[in-house]
Amino acid sequence: MNILQLAQCAVGKHKRDRKNVRRDEFDYHSKCVGCGKPMIRGATGWHVTEKEPVGAKPTGKNSKPVSPPPSPPPAG
């Protein structure tokens with residue numbers, strides 16, 4: 001979190017984290033660098049949303065592949 005940006009968040013001026021943009025089938029998602037709230041890119045720019053992205057994939061040259069969680073060991 002960025003303390004200076006957090007002050008801007010308090011008055012509604014959120015800024016998306018450029019390094020952690022994710023894309024699902026339809027939209028781009030990120031988080032605010034100040035408060036960590038989820039953001040989505042709309043027709044008029046980036047906006048805070050209550051919805052967390054489901055199945056979003058990382059984009060950009062610095063993105064890392066998302067690996068599934070490890071499976072539990074077999075019972076036996």
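The values are calculated or read from the model by the stated rules, or taken from the named source; none is laboratory data. These figures come from a predicted structure and were not determined experimentally. No Cβ is skipped: glycine too gets one built from the backbone with ideal geometry, and neighbour counts run over all protein chains shown. When the accessible area is computed, the model is the full protein with side chains, heavy atoms only, and any ligands, DNA or RNA have been set aside. Shrake-Rupley method; radii C 1.70, N 1.55, O 1.52, S 1.80 Å.
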Report summary line: Those residues of the range 13-22 which are open to solvent by 50 Å² or more (accessible area, probe 1.4 Å) and either part of a loop (DSSP other than H, G, I, E, B) or under 16 Å from residue 50 (Cβ atoms) (or both) amount to 13, 14, 15, 16
Query raised in the report: How many residues, within the range 23-47, are open to solvent by 70 Å² or more (accessible area, probe 1.4 Å) and touching an Asp or Glu at 6+ places or on another chain (Cβ under 8 Å)?
Result: 2
Query raised in the report: Hey, among 48, 33, 21, which residue is at pLDDT 90 or above and touching a Ser or Thr at 6+ places or on another chain (Cβ under 7 Å)?
Result: 21
Query raised in the report: Of all residues in the range 1-12 being in a helix (DSSP H, G or I) and touching a Gly at 6+ places or on another chain (Cβ under 7 Å), which is surrounded by the most Cβ atoms within 10 Å (Cβ to Cβ)?
Result: 9
